[in-house]
Amino acid sequence: MEVPLYPIYRLNSPHTISQLNTFLPLEENPTDIHTVVGLIQDVRFGVSNLAFPMFRSTFIALSKGDRNVLLRKTAVLSGSNKNFHSSTPSLQALQRHFDNYDEGRPRILITGSLGQLGSGLARVFRQKYGQENVFMSDIRKPSRDITSRGPYIFADVLDYKCLQKIIVTHRIDWLVHFSALLSAVAEQNVGLSMKVNIEGTHNVMELANQYGLRLFIPSTIAAFGPESPRNPTPNLCIQRPKTIYGVAKVHTELLGEYYHHKYGLDFRCLRFPGVLSSDTHPGGGTTDYAIQIFHDALKNGHYTNYLRPDTRLPMMHIDDCLRSVAEIMEMPSEALPQRTYNVTGVSFTPVELGEEIRKSIPHFMQDYRPDHRQAIAETWPEVFDDTEAQQDWNWRPEFDLERMCQVMLDDLRPLYQEPAMKYLRVLTASCYE
Ligand SMILES: NC(=O)C1=CN([C@@H]2O[C@H](COP(=O)(O)OP(=O)(O)OC[C@H]3O[C@@H](n4cnc5c(N)ncnc54)[C@H](O)[C@@H]3O)[C@@H](O)[C@H]2O)C=CC1
Ligand SMILES: CC(=O)[C@H](N)C(=O)O
């Protein structure tokens, strides 16, 4: 049997290359280095939820900077036209594993993929693993633009059989579960949010366990409450959220960790702060103001905020958010000491955000009419501590407040300049009809 040769375009993650360079001096021919990186990436995603001696030895070699071991192992694997002859059980196991993934790439289902995070993640994963291997799903009618970019399937997360059929028919390996009602909307419809956010999660968790999938479900700063330390909020502390959204997320975190310890489910969870994006609309959260403010600043030069001026909340740019999902999903299971991690970007208040916007739009004005979302925000972390993600899997946010504002304004400005351009942008940005 032959070891597949992985195409070069999958070998270009600057992040992984820089990690590798920490351990391997770069006097090597760059082509070799890229080859090594690619193999590590493949090995990393390929074997992570199995107890895999081959994988472990590769990773340990990397961690210790033992270049000889690493290069020797990868040399065996990267022999493009060589037959894969090895009597060591670990290498045979690796081969078996590659046989299981189509062309060595995972097949990924994203639920709730027409929301703020889903279409961006589909784009990121399709670039990495191929358009046809990433299945977007939701209960809404997608735009033509979405269906032209790759597979889209109707999937109601409350329908166990429907999800089961998709997982089996499309031979899904990874499940990213994004379907949810966000904090403000959930508070207005507790019954429905308990169904979607709790029952829906039960369905995906049970199926992921049954079919041995790698499962990612995001959590949030909303999983903390007023009794948690709020500045900063560490990874592990008291969690007594006061919203149904937060209660459902704590339930998800605990259940996922329980399934992991009891059954070995490869559950992964990141707690996100408010996420800022310009190409999709926010889904009804408490942090949505930090997106709407840019639209209103560009359109009217004015924004009426539903939070008080001094309400500090953690936020991150969507590019950082999506990169964090890709990075945690590619980590080998054995290298993750924990299953749930805080990740963040930067914390700011409405006043501070307004001041930053005013650097580009000097006439921008903001006033304040706090509503029911103020009470929610007051129970959430002000500053999020993601030290453990930084230590355990080298997480690093790239957007500070200045860059976040600049990118948001640059992305959105065309929407509010020329009518024709605006029309085009709205058409391409919309995920559903
Ligand atoms: N956007 C943010 O700032 C943050 C998001 N998160 C989490 O990330 C995940 C994705 O969030 P967003 O994309 O912002 O949410 P969103 O509200 O924009 O999208 C959620 C999607 O779920 C779908 N959905 C609702 N009911 C469904 C059902 N029964 N079956 C299938 N799909 C259904 C909706 O149609 C929608 O497209 C959620 O779990 C959310 O809690 C966590 C922290 C921050
Ligand atoms: C922080 C979140 O989970 C979300 N953006 C919300 O505000 O509900």
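Coordinate-derived values only; no laboratory data. On a predicted model such as this, the values are computed, not experimentally measured, just so you know. All Cβ positions, even for glycine, are placed from backbone atoms using ideal geometry, and neighbour counts span all protein chains on display.
When only alpha carbons are used to place a centre, segment 193-248 and segment 314-384 end up 17 Å from one another. Each of His372 and Arg171 was given a label point 7 Å from its Cα along the Cα-to-Cβ line. The distance between the two points is 4.8 nm. Projecting label points 7 angstrom from Cα along Cα→Cβ for Val407 and Asn300 puts them 2.8 nm apart.
For segment 290-384, the relative contact order comes to 51 percent (Cα pairs under 8 Å, sequence separation of at least 6).
Were the residues from Ser148 through Gln210 laid out at 0.36 nm apart, the gain over their Cα-Cα distance would be 19.2 nm. Loop-located trypsin sites (Lys or Arg not before Pro) in segment 171-243 (DSSP state other than H, G, I, E, B) with a sparse environment of at most 15 neighbouring Cβ atoms within 10 Å: Arg171.
Determine the sum of side-chain charges near Trp174: Lys and Arg each +1, Asp and Glu each -1, restricted to other residues whose C-beta is under 12 angstrom from that of Trp174.
Working: positive: Arg105, Arg107, Lys128, Arg171, Arg214, Arg268; negative: Asp173, Asp266, Glu330.
Net of charged neighbours comes to +3.
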